Structures are given as C-alpha cells and as structure tokens.
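Some notes on the structure that comes next.
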Amino acid sequence: AFNPTGDRIVTASYDKTARIWDGSKGREIAILKGHQGPDERAGFSPDGRLVITAARDGTARIWDADSGAQLFVLQPVGGSFLTAIFDPSGERVLTAAGNNQASLWNPRTGTKILSVDSYGDGLAGFGPDGRSFATSQERKVFVWNAADGALIRECPVFTYASPLTFSPDGSRL
C-alpha cells in the first residue's frame, strides 16, 4: 500500500514482518517486527504518520511510520484479522476477523471504542465519510453506524461478499 503522498510503500509478508520502503529509490526504511504469524494486511493512515498491520496471529498492530516503532497491539478474543483499516479521517481503525466481532479502535491510544455483533467472514469497509462501516456474514452485508455501533441496514446478497467497497458518494455498496 502507498502512503498518501506516494513516496512510501508498506508491504505485508509471510515471514511475519511488514516493511516500509522508499517508493522512489526502492530502499527499505523500516522492518516492522512483532507479529507471531504471517502478516496479511498493511496500510497507512490518511496522514501517513501511522501504519496498521494485521496477521494470522489474531492481532492488528499500529506502528510509527517514520521510526517503525510498534505503538499498540489490538487483540481480539480470538480469530485472525482479515481487515484492519483506518477510517477516512484517521481517527479510528476498523478490525474484523472471521468468527469474531468487528471493532473500532482509537489509533492514538490503542483502546477499543466499540464492537458490533458481526461474527462473519472478516470483510469490512468504511463509508467514504467514515460515519458508517459495513461487514459481511453468511451471504448478508450489514451497515453499521460508526458513532454508536447501531445497525443501519441488513442486506441479503445471496452470495459471499468480497470485498466490501462503498461508492465515492456512499450511496451504494
């Protein structure tokens, strides 16, 4: 994944690390070590200051994008994280795992803000304004209010959803 300015790249790897690279020179800037299982996802915060990773060890981790220092470990009750992403403002992180609750976290403190009863397949995504997010579970998609975790809509999709992406204006999913 590229950072917002396009000059850095973060990669996730099967060797239990993520790496931050200089996008123009291809030079490694930092190795993010700490996961006990293969890294599945990695991405930058909207301001490029933080990195989020998710791994098969059932944790998501937040890192300083400049130093590579681990800041927080976001740990569920169980399951592996399949989604770990920042909201459009960078003020929250959404995690979702197979057979585990989807949760919102504060990336500046590492504290859980709320969880919703969505024991699904681990797919999740924010709406373009960050005021809602979607999860999927057994041929259904759920749209949740990001402020209080209230269910906004439940939609049968008659197949397994992959991935969950909102239209730019948020009117479609």
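Look at the alpha carbon pairs under 8 Å that are at least 6 residues apart: their mean separation over the length of the chain gives a relative contact order of 12 percent.
Magnitude of the Cβ-charge dipole of the stretch 1-44, K/R +1 and D/E -1, about the Cα centre, nearest 20 debye? Could the numbers behind the result be given before it?
Working: 7 positive and 6 negative charges, 15 e Å.
I would put it at about 80 debye.
Computed extension length for S162-R27: 45.3 nm, one decimal, from 0.36 nm per residue of separation with the Cα-Cα distance subtracted.
Rg/Rh for the chain (Cα atoms only, Rh after Kirkwood) is 0.97.
Backbone phi angles across the stretch 54-61, fed through the Karplus curve with coefficients 6.51, -1.76 and 1.60 (θ = phi - 60°), yield HN-Hα couplings of 9, 9, 5, 7, x, 10, 10, 9 Hz in residue order; Gly and Pro are listed as x.
Across the stretch 1-85, counting alpha-carbon atoms alone, Rg and Dmax equal 11.9, 40 Å.
Amide H contacts of R92 (H built 1.01 Å from N, in plane; Pro and chain starts excluded): D87 sit under 5 Å, all sequence-distant by 5 or more or on other chains. Residues whose amide H falls under 5 Å from that of L74, counting only those 5 or more places apart or on a different chain, are A60, R61, I62, with hydrogens built in the peptide plane.
Order the following by accessible area, largest value first: I20, I9. Probe radius 1.4 Å; ligands, DNA and RNA are ignored. Please list the in-between numbers first.
Details: I20 0, I9 45 Å².
Descending accessible area places them as I9, I20.
Whole-Hz Karplus values for the stretch 149-155 come out as x, 5, 6, 8, 7, 10, 10 Hz, taken residue by residue from phi with 6.51 cos²θ - 1.76 cosθ + 1.60 and θ = phi - 60°; glycine and proline positions read x. Sparsely packed loop sites in the stretch 1-54 (the trypsin sites (Lys or Arg not before Pro) outside DSSP H, G, I, E and B with at most 10 other Cβ atoms within 10 Å) comprise K25, R27. Amide hydrogen proximity for A55: with H placed 1.01 Å from N in the peptide plane, the residues at 5 or more positions away or on another chain lying under 5 Å are E40, F81.
Using only the alpha carbon atoms of the stretch 82-173, find the Kirkwood hydrodynamic radius as the inverse mean reciprocal pair distance, in angstroms to one decimal. All intermediate terms of the calculation are to be shown ahead of the outcome.
On the way: mean 1/r = 0.0781 Å⁻¹.
The Cα-based Kirkwood calculation yields 12.8 Å.
The values are calculated or read from the model by the stated rules, or taken from the named source; none is laboratory data. What you are looking at is a predicted structure, and each value in this text was computed from that prediction instead of being measured. Glycine gets a Cβ as well: all are built from the backbone with ideal geometry, and neighbour counts include every protein chain shown. Keep in mind that these areas ignore ligands, DNA and RNA; they rest on the heavy atoms of the full protein, side chains included. Shrake-Rupley method; radii C 1.70, N 1.55, O 1.52, S 1.80 Å.
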